[in-house]
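Single-structure report; data block below.
The values are calculated or read from the model by the stated rules, or taken from the named source; none is laboratory data. Everything numeric in this text was worked out from a predicted model, so none of it was measured. Note that we place each Cβ from the backbone using ideal geometry, even for glycine, and neighbour counts take in every protein chain shown. The area values use the complete protein model at the heavy-atom level, side chains included, leaving out ligands, DNA and RNA. Shrake-Rupley method; radii C 1.70, N 1.55, O 1.52, S 1.80 Å.
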Amino acid sequence: DVKVTQSSRYLVKRTGEKVFLECVQDMDHENMFWYRQDPGLGLRLIYFSYDVKMKEKGDIPEGYSVSREKKERFSLILESASTNQTSMYLCASSSFRGYTFGSGTRLTVV
Amino acid sequence: KNEVEQSPQNLTAQEGEFITINCSYSVGISALHWLQQHPGGGIVSLFMLSSGKKKHGRLIATINIQEKHSSLHITASHPRDSAVYICAALQTSGSRLTFGEGTQLTVNP
């Protein structure tokens, strides 16, 4: 069963901490994406990647960075977590066949 | 105006009812996705379609490219269908999805 795996389901971090959210896909997809989802705002694209070591800013990249050193892994980094980054984070990968989403990481920054 | 709009935002139905969720988009697309999100967050892709109609079990998705409109139908609805349903347009300009705001469906027994 093909899938996208996010390393943590729930995460609580302190303000100012550096936070890593990991995403791994086993479908050999070229494209990978990080979204955040907030009530009333829907899903918003943070960053995406078309290939290893390639990255593109999405609609809300401020306060985030990403890393894609291997095709199957796409990491989202919060350099210095802030309370306004408390959210649900969703990773996805895609090919011409369609999208596959991870189960999400609910991050709380206190 | 959002590029992808869904209606209704909230929908409550009785078990067994036929349900329709609508999606209109204003951008050129290569495909349209229907997604399902249960409480707890994980998203499942139900359909990807670029023309016509697709069916999977009690779920049917249709798209009219000329009218820039898609519908998701659920026949013989069941409480386990309660979820948020999201349509997302894959624009012709690239690999990015543009999402609707979602429809919260509640099916009561």
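Of everything in the stretch B:92-109 that's open to solvent by less than 40 Å² (accessible area, probe 1.4 Å) and in contact (Cβ under 8 Å) with a residue 60 or more places away in the chain, which residue is nearest to the other protein chains (Cβ to nearest Cβ)?
Start the filter on the stretch B:92-109 by keeping residues that are open to solvent by less than 40 Å² (accessible area, probe 1.4 Å), which leaves B:94-95, B:97-100, B:102-103, B:105, B:107.
Now narrow it down to the ones that are in contact (Cβ under 8 Å) with a residue 60 or more places away in the chain: B:97-100, B:102-103, B:105, B:107.
Values: B:Leu97: 7, B:Thr98: 9, B:Phe99: 5, B:Gly100: 7, B:Gly102: 6, B:Thr103: 11, B:Leu105: 16, B:Val107: 22 Å.
Only one residue tops the list, namely B:Phe99.
Could we say that A:Leu43 is within 30 Å of B:Phe47 (Cβ to Cβ), part of a strand (DSSP E or B), modelled with pLDDT under 95 and under 14 Å from the mean Cα position of the chain (by Cα) here? Full working, then the answer.
Working: within 30 Å of B:Phe47 (Cβ to Cβ): yes; part of a strand (DSSP E or B): yes; modelled with pLDDT under 95: yes; under 14 Å from the mean Cα position of the chain (by Cα): yes.
Answer is yes for this residue.
Counting only residues that are of a type in the set (Asp, Glu) and over 21 Å from B:His56 (Cβ atoms), which one in the stretch B:1-41 is farthest from the chain's Cα centre (by Cα)?
Taking the stretch B:1-41 first, the residues of a type in the set (Asp, Glu) are B:3, B:5, B:15, B:17.
Imposing the further condition that a residue be over 21 Å from B:His56 (Cβ atoms) reduces the set to B:3, B:5.
Details: B:Glu3: 15, B:Glu5: 10 Å.
For the stretch B:1-41, the residue satisfying everything is B:Glu3.
Residues that are more than 14 Å from every other protein chain (Cβ to nearest Cβ) and either of a type in the set (D, E, K, R) or under 28 Å from A:Trp34 (Cβ atoms) (or both) within the stretch B:60-88 comprise B:Ile63, B:Glu67, B:Lys68, B:Ser70, B:Leu72, B:Arg80, B:Asp81, B:Ser82, listed in sequence order.
Would you mind stating whether A:Ser80 is outside any strand (DSSP E or B), open to solvent by 10 Å² or more (accessible area, probe 1.4 Å) and within 12 Å of A:Val24 (Cα to Cα)? Quick ask: steps written out before the conclusion?
Values: outside any strand (DSSP E or B): yes; open to solvent by 10 Å² or more (accessible area, probe 1.4 Å): yes; within 12 Å of A:Val24 (Cα to Cα): no.
So A:Ser80 fails the test.
Could you check, for the stretch A:65-76, whether at least one of its residues is open to solvent by less than 20 Å² (accessible area, probe 1.4 Å) and within 14 Å of chain B (Cβ to nearest Cβ)?
Yes, the stretch A:65-76 contains a residue that is open to solvent by less than 20 Å² (accessible area, probe 1.4 Å) and within 14 Å of chain B (Cβ to nearest Cβ).
Selection within the stretch A:88-101: residues that are open to solvent by less than 20 Å² (accessible area, probe 1.4 Å) and facing chain B (nearest Cβ under 7 Å). The member of this set that is farthest from the chain's Cα centre (by Cα) is A:Gly98.
Restricting the stretch A:34-48 to residues that are more than 8 Å from every other protein chain (Cβ to nearest Cβ) and among the hydrophobic types (A, V, I, L, M, F, W, C) leaves a set whose member that is most open to solvent (accessible area, probe 1.4 Å) is A:Leu41. Please enumerate the residues belonging to the stretch B:1-59 that are within 14 Å of another protein chain (Cβ to nearest Cβ), exposed (fewer than 12 other Cβ atoms within 10 Å of the Cβ) and assigned to a strand (DSSP E or B). Across the stretch B:1-59, the qualifying residues are B:Asn10, B:His56. Residues in the stretch A:19-26 include at least one that is open to solvent by 40 Å² or more (accessible area, probe 1.4 Å), of a type in the set (D, E, K, R) and part of a loop (DSSP other than H, G, I, E, B).
When A:Gly16 is tested against the conditions (1) crowded, with 20+ Cβ neighbours inside 10 Å; (2) more than 18 Å from B:Ala88 (Cβ to Cβ), the lone failure is (1).
Return yes or no: is B:Ser7 touching a residue at least 12 places away in the same chain (Cβ under 8 Å), in contact with a Cys (Cβ under 9 Å, 6 or more places away or on another chain) and among the hydroxyl-bearing types (Ser, Thr, Tyr)?
Considered against the rule, which asks whether it is touching a residue at least 12 places away in the same chain (Cβ under 8 Å), in contact with a Cys (Cβ under 9 Å, 6 or more places away or on another chain) and among the hydroxyl-bearing types (Ser, Thr, Tyr), B:Ser7 comes out as yes.
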